[in-house]
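Read through the structure below, which is laid out as structure tokens, and then see the notes.
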Amino acid sequence: MSWFRRPSRPADPLLAELADALAPDRVRNDGAQRSLTSHDASVFDGGVSGPVCFPTTTEEVQAIMRIAERHGRAVVPRGAGTGLAGGAIPLGAPVVVCTGKMNNVIQIDLENRIAWVEPGVINLDLSKQLRPKGFHFAPDPSSQQVCTLGGNVANNSGGPHCLAYGVTDAHVLALEVVLPDGQVARLGGLEDEPDGLDLRGAFVGSEGTLGIATKIAVRLTPNPPAVRTMLLSFSSVRDAAQTVSDVIAAGVVPAALEVMDQRMVTAIEAYVGAGYPTDAAAVLLAEVEGLEAGVDIDVAHIERIGRANHATDVRLAGSDAERAALWKGRKTAFGAVAQIAPDYYLHDTVVPRAKLADVLEQVYEIVDRHDVLVLNVFHAGDGNLHPLLVFDAREEGTLERVHAAGAEILRASLEAGGVLSGEHGIGVEKQQYMEELFTAADLDHQNRLRQAFDPACRANPGKVLPMGHSCADIQALRAVPTGVWG
Amino acid sequence: MSTLASTDATIADFAAAVGETEPVAVRGGGTRWRLGGALTGSARIVEAPKGIVDYQPAEMIVTVRAGTSTADLHRALAEHGQTCALPERGGTVGGAVVVGENRLDRMGRGSVRDAVLQVRYVSADGEVVTGGGPVVKNVTGFNIPKLMTGSLGTLGLLAEVVLRTNPAPPVQRWLRAESVDPRDLRDIVLRPGAVLWDGTSSWILVEGHAPDVDAEIERLAARADITTAAGPPELPPHRWRLSPSDASQADRVVEGEFVASIGVGTVWATTAQPVREPDPVAAQIADRMKHLFDPTGRLNPGRSTWT
């Protein structure tokens, strides 16, 4: 019966050309598919998706770009759709390019300690392939079981273990990208200092606004022979935050330093039972890795600093199983909150590490004033805060209170000398705050960077830069082309 | 308003010196003055402001003006047991950033491009522009610091940078090994600071906590004939940029005498590396970038990042 189900050549010229270039079953325009691709994992309203394409080769991505250009449509790349800032939300019925079918690990090159991968490869799948060979891919975002490496490149993704190893940018050496005009560029290289401007560095973290990465050379990190995971308990969040600041100040570089507050710990314990103490005001999950003797020195050092900051308990995971349980708690944190309220808004700001305790106190004060519930679980070692506001959107006025509290949290972070985002990006979420961090000249230069790749502003328009500083005609994005319905 | 938007009088003076018209270039220490080609025409030479603005050892970041000598910066960091990815070969901080050459012990200290957290520069139209931010993790907007690192001052003239610092390793030991595949040395040691090879001898920088260093040396001794070395070998003057796999066969790839950085790819040689053809589409992007940032071509005229 498969012949019967094969979609016929569509009448719409855009769809017909896309179907000819790919295959009819890899160009979807049905309501269900377009509804799926109209939003990401954020709380923001979905956009309007145009045709949804599933290319399998660089040439197909080139064809999509050229066809979209001929039809005056924008193009929005999409990985797994796990973004939290609305970066993949299609505005103005663009052609959506899902990279999920480009999921081959092309080459694992141990001599150069790199792997060439396609953008649809799932983050954790790559590390699973590499582990037996003695390596892994260091960035480990919370969504690593589903998120794609193309998405990691677009968002310059982080994760707990980026404290010691750096975020995605430090692990991407070279890229093959298809520009919005359909040309293919090779950015970066396997050399340590490739010739020319660092266009690779400009591309990583550009949230899909410069083109689509079709091949990615990622750095392989050797698996450490020794790992120690500790859990320190505190009777105040301030003590936990101060411990983090003091550990960094002492010159110890742990692999991860994650703090969870009591409400978060309670939710996690009810959900997976990771063995966290629910009577502590905060816990600090610290991991050090390296060689046998050194990790023990670091563990002793962290314990001393924790005790000096009134740690009520310091526990060292005694087995791999215990280690895994401690991490399972941290990694399932976002699943755990679903039991508390149906909706959540996960924030993402960075502050100087010495200001962690002060800003957290402000966060608690802000949410109390707006009558919103907050749970905190965050990459403390990087100063990367993740206040998680939980709520029920069906209750009238709740979403407004959540947004008002969120805006104040952002401003408190900026006032402490911080920035708007540590790993989620700007997307549509924080565009309007960019002018509070940057001057008009700063934003103008960011827009120039963008235009050098995409002079016509056709790649994921309407994101990152605020209206008035972006080359995109925002008005046009709100309108929907004739023949397309939401 | 955040602290990013503020600008101080020193930077304003620098912006005034750069002005809004006429060709202009910044000269730092002049250690890489010929890189990217000679200046053409009659570019006015200006100097970037000097001085460490703010150093917070506990935060592992330092705000430093571009004209500061790298020696002064490293001296200040060393007082707190810290270092950074910028090389210690003389010259200025701004020069080191816009040249973007990594240290010999790059595997241990990281790369310059990963160390530059924030840049403040004077644009072609004389404005002070800030990109990035003064924190260690940041995805707020487009990555202007990456664009400026290695740009040879062709897109903007650096006034000030915020750099990530690193704790200096507690122990560092240079060792020398004969007749051994240098790639094996790199594989034996978990995180060497550097592995160098001149075609015959190898040098390895082992670093970390003292007992780990001792254990690594023991592992090395079991596999190779090693002796303590005073430091790295002398490096020939020309820098070749190769992939790590090409660098580990530098004896076949590179003309003349050489020292190859194994696992990194950089090779220092007595001859210059032949000019590489840039990727044509990347070159188009770079040309557009130059035109958008410097429409009249007044910044470091004649310099190109492709040569």
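The values are calculated or read from the model by the stated rules, or taken from the named source; none is laboratory data. Just so you know, these numbers come straight off a predicted model, no measurement behind them. Note that we place each Cβ from the backbone using ideal geometry, even for glycine, and neighbour counts take in every protein chain shown. All accessible areas refer to the heavy atoms of the entire protein, side chains included, with ligands and DNA or RNA removed. Shrake-Rupley method; radii C 1.70, N 1.55, O 1.52, S 1.80 Å.
Summary table below
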| read-out | value |
| --- | --- |
| Phi-based couplings in Hz for region B:167-172 (Karplus 6.51, -1.76, 1.60; Gly and Pro marked x) | x, 5, x, x, 9, 9 |
| Ranking by accessible area, most exposed first, for B:I262, B:I188 with a 1.4 Å probe | B:I188, B:I262 |
| Helical mean residue ellipticity (222 nm; -39500 (n - 2.57) per DSSP H run of 4+; nearest 500) of chain A | -10000 deg cm²/dmol |
| Relative contact order for region B:3-168, counting Cα pairs under 8 Å that sit 6 or more residues apart, in percent | 26 |
| Which of A:P342, A:T398, A:Q362, positive extreme of dipole for region A:341-450 (C-beta unit charges) | A:Q362 |
| Shielding by other protein chains, A:158-168, mean Cβ within 10 Å | 2 |
| Among A:I248, A:V314, A:Q262 - extreme Cα towards positive end, dipole of region A:224-326, charges at beta-carbon | A:Q262 |
| Theoretical gain in end-to-end length, A:Q107 to A:A324 [0.36 nm per residue, Cα-Cα removed] | 75.1 nm |
| Cα gyration tensor shape for region A:351-452, rounded if a/c is under 1.5, else prolate or oblate | oblate |
| Ranked packing of A:421-434, B:228-241, A:169-182, B:149-162, most packed first, by mean Cβ within 10 Å | B:149-162, A:421-434, A:169-182, B:228-241 |
| Region A:362-407 and region A:318-350: distance between their alpha carbon centers, rounded to Å | 16 |
| Under 20 Å from the B:D181 label point (7 Å along Cα→beta-carbon), backbone N, region A:131-155 | A:133-135 |
| Accessible surface buried upon A-B contact (total; probe 1.4 Å; Å², nearest 100) | 6800 |
| Within the protein assembly as shown, percent of DSSP bridges classed antiparallel, to nearest 5 | 90 |
| Most positive-pole-ward Cα, B:G231, A:Q129, B:V195, against dipole of the protein assembly as shown from beta carbon charges | A:Q129 |
| Test item: Cα-centred dipole of region A:226-335, Lys/Arg +1 and Asp/Glu -1 on Cβ, debye | 240 |
| Cα gyration tensor shape for region A:226-335, rounded if a/c is under 1.5, else prolate or oblate | oblate |
| Cβ neighbours within 10 Å from other chains - mean over A:200-210 | 4 |
| Mean separation of Cα contacts under 8 Å, 6 or more apart, over the residue count of region B:171-269: relative contact order % | 31 |
| Estimated [θ] at 222 nm from DSSP helical runs (n ≥ 4, -39500 (n - 2.57)) normalised by residues in chain B, nearest 500 | -7000 deg cm²/dmol |
| Gyration tensor verdict on the protein assembly as shown (Cα atoms; rounded if a/c is under 1.5, prolate if a/b is larger than b/c, oblate otherwise) | rounded |
| Highest average packing first - A:340-352, B:133-145, A:451-463, Cβ atoms within 10 Å | B:133-145, A:451-463, A:340-352 |
| Peptides ranked, highest mean first, by Cβ atoms within 10 Å: ranges A:153-165, A:361-373 | A:153-165, A:361-373 |
| Shielding by partners, peptide A:283-296 (average Cβ within 10 angstrom, other chains) | 3 |
| Relative contact order, percent, chain A [alpha-carbon distance under 8 Å, six or more residues apart] | 15 |
